[in-house]
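Working notes for the structure below.
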Amino acid sequence: MWKPPLSQPSALVLAAGLGLSALMPFSTTNSQVASANQKTQLISQGGQKVEITLVSYAVTKAAYEKIIPQFVAKWKREKGQDIVIKQSYGGSGSQTRAVIDGLEADVVALALALDTKKIEQAGLIKPGWEQEAPNNSIVTRSVVALETREGNPKNIKTWNDLAKPGVKVITANPKTSGGARWNFLALWGAIAKNKGSEAQALDFVTKVYRNVPVLPRDAREASDAFYKKGQGDVLLNYENEVILAAQQGKTSPSYTIPQTNISIDGPVAVVDKVVDKRGTRAVSEAFVKFLFTPEAQREFSKVGFRPVNSAVAKEVGKKFPKVANLYNVQSLGGWNTVQKKFFDDGAIFDKIQSGRR
């Protein structure tokens, strides 16, 4: 039983003249790298201050509040320019819709690549964004935790325990919650990625959802159902959420990390249409790359995320239980396949739900 423990910026040229400073960002997409005729774009801005907006999901706020001042100071020191980074936090799905509906985000850091793909499909982010930053643009990582009542009275230690009669499981609705999609895929992979067949996986997941008394709309409502309303024996939650809540004194949880688990990968991307319109590509790309540095990754790890930077991962390795069998969405076919197979109307989750009625 685990107890919670408490690249360089894009090329930039500053040109001064007549009270104006000019930013010269070199945006390197995959096609441009391959082209001998790479173009540079000169964007002028008045004064010495530039403003960008970061749109992210709620639980990352504690990390970004530490990371952003570090980047602002670094940019000022190296480029002599002041930066203001506005921030917006909320549910990943809600943030995605807000950006598509007109919230001008220069950078988006969402809970799952499917949300970023929706912004791409809306024409705001160019295809191939995954290759524009280190680590395929995955900047945060976590796993699914089984969070139990204090002392774990039902002795819940493994995925199989969730299917036992009398165990009440709290998780949100994967049709409306990104976090709940991760939970569903973790349940499926507990069998399918542990030498089980798809038929066995379907049988197991069906049994678990029979033990789900309510399906809250999102992860926050699921947490409220577990803690504030006292519903359920076990809450499926992000490991980083459990750690951060304990640090903030909101909970005193018991939890376990199953040894077959899914890597909860959070991507980051520059919103091409916005940065090109506002002339903020250079700063936005530099900020994204800064998120992968040891300085930024240490801040993510402090609030419960597993570092994607290998050096930092070694530094903090003892803080996180090892996972023997860790898989990712790509091993399940990627988000497009996963969405169609499991979560579209009439897909596997809907069939499981219809069997519960």
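Across region 330-342, which residue is most open to solvent (accessible area, probe 1.4 Å) among those that are among the hydrophobic types (A, V, I, L, M, F, W, C) and closer than 15 Å to K118 by Cα? Working first, answer last.
We begin by selecting, within region 330-342, every residue among the hydrophobic types (A, V, I, L, M, F, W, C); these are 332, 335, 338, 342.
Now narrow it down to the ones that are closer than 15 Å to K118 by Cα: 335, 338.
Values: W335: 23, V338: 1 Å².
Per the criteria, the residue is W335.
Please tell me if A222 is closer than 22 Å to Y89 by Cβ, touching a strand residue (DSSP E or B) at 6+ places or on another chain (Cβ under 6 Å) and buried (at least 23 other Cβ atoms within 10 Å of the Cβ).
On the way: closer than 22 Å to Y89 by Cβ: yes; touching a strand residue (DSSP E or B) at 6+ places or on another chain (Cβ under 6 Å): yes; buried (at least 23 other Cβ atoms within 10 Å of the Cβ): yes.
Yes: the conditions hold for A222.
Where in region 206-309 are there strands (runs of 3 or more DSSP E), lying wholly inside it, with at least 1 residues that are modelled with pLDDT under 95? Full working, then the answer.
Working: elements: 234-238, 254-256, 260-262, 264-270.
So the answer is 234-238, 254-256.
Is there any pair with a first residue in region 134-152 that is under 25 Å from V270 (Cα atoms) and open to solvent by 10 Å² or more (accessible area, probe 1.4 Å) and a second that is at pLDDT below 95 and not β-branched (V, I, T) whose Cβ atoms are under 7 Å apart and which are 6 or more apart or on different chains, and what are they?
What qualifies is P134/S7.
Consider E299 carefully, then state whether it is open to solvent by 10 Å² or more (accessible area, probe 1.4 Å) and more than 16 Å from the chain's Cα centre (by Cα). Full working, then the answer.
Numbers: open to solvent by 10 Å² or more (accessible area, probe 1.4 Å): yes; more than 16 Å from the chain's Cα centre (by Cα): no.
Against the criterion (open to solvent by 10 Å² or more (accessible area, probe 1.4 Å) and more than 16 Å from the chain's Cα centre (by Cα)), E299 does not qualify.
Please work out if S177 is closer than 30 Å to L291 by Cα, at pLDDT below 95, crowded, with 16+ Cβ neighbours inside 10 Å and among the hydroxyl-bearing types (S, T, Y). Write out each step before concluding.
Details: closer than 30 Å to L291 by Cα: yes; at pLDDT below 95: yes; crowded, with 16+ Cβ neighbours inside 10 Å: yes; among the hydroxyl-bearing types (S, T, Y): yes.
It is true that S177 is closer than 30 Å to L291 by Cα, at pLDDT below 95, crowded, with 16+ Cβ neighbours inside 10 Å and among the hydroxyl-bearing types (S, T, Y).
Do we have any residue at all in region 181-204 that's closer than 14 Å to S263 by Cα, of a type in the set (D, E, K, R) and open to solvent by less than 40 Å² (accessible area, probe 1.4 Å)? Show your work before the answer.
The first filter runs over region 181-204 and keeps only residues closer than 14 Å to S263 by Cα, leaving 181-190, 193.
Within this subset, residues satisfying the condition of being of a type in the set (D, E, K, R) are 181, 193.
Then drop every residue that is not open to solvent by less than 40 Å² (accessible area, probe 1.4 Å), which leaves 181.
The answer is yes, given that some residue of region 181-204 is closer than 14 Å to S263 by Cα, of a type in the set (D, E, K, R) and open to solvent by less than 40 Å² (accessible area, probe 1.4 Å).
Only residues that are under 30 Å from G230 (Cβ atoms) and assigned to a strand (DSSP E or B): list them for region 108-154, please. Explain how you work it out, then say what you get.
Of the residues in region 108-154, the ones under 30 Å from G230 (Cβ atoms) are 111-112, 142-154.
Listed by number, the residues that qualify are S142, V144, A145, L146, E147, T148.
Taking S354 as the residue in question, decide whether it is within 30 Å of V208 (Cβ to Cβ), assigned to a helix (DSSP H, G or I), open to solvent by 50 Å² or more (accessible area, probe 1.4 Å) and modelled with pLDDT under 95. Steps first, answer last, please.
Values: within 30 Å of V208 (Cβ to Cβ): yes; assigned to a helix (DSSP H, G or I): yes; open to solvent by 50 Å² or more (accessible area, probe 1.4 Å): yes; modelled with pLDDT under 95: yes.
Taking the combined requirement at face value, the residue satisfies it.
Evaluate region 35-42: report whether one residue or more is under 30 Å from G178 (Cβ atoms), at pLDDT below 90 and of a type in the set (D, E, K, R).
No, region 35-42 contains no residue that is under 30 Å from G178 (Cβ atoms), at pLDDT below 90 and of a type in the set (D, E, K, R).
The values are calculated or read from the model by the stated rules, or taken from the named source; none is laboratory data. What you see is a predicted model, and the numbers here were worked out from it, not measured in a lab. Cβ: placed from backbone, ideal geometry, glycine included. Neighbour counts: every protein chain shown. Heavy atoms of the whole protein, side chains included, go into the accessibility calculation; ligands, DNA and RNA do not. Shrake-Rupley method; radii C 1.70, N 1.55, O 1.52, S 1.80 Å.
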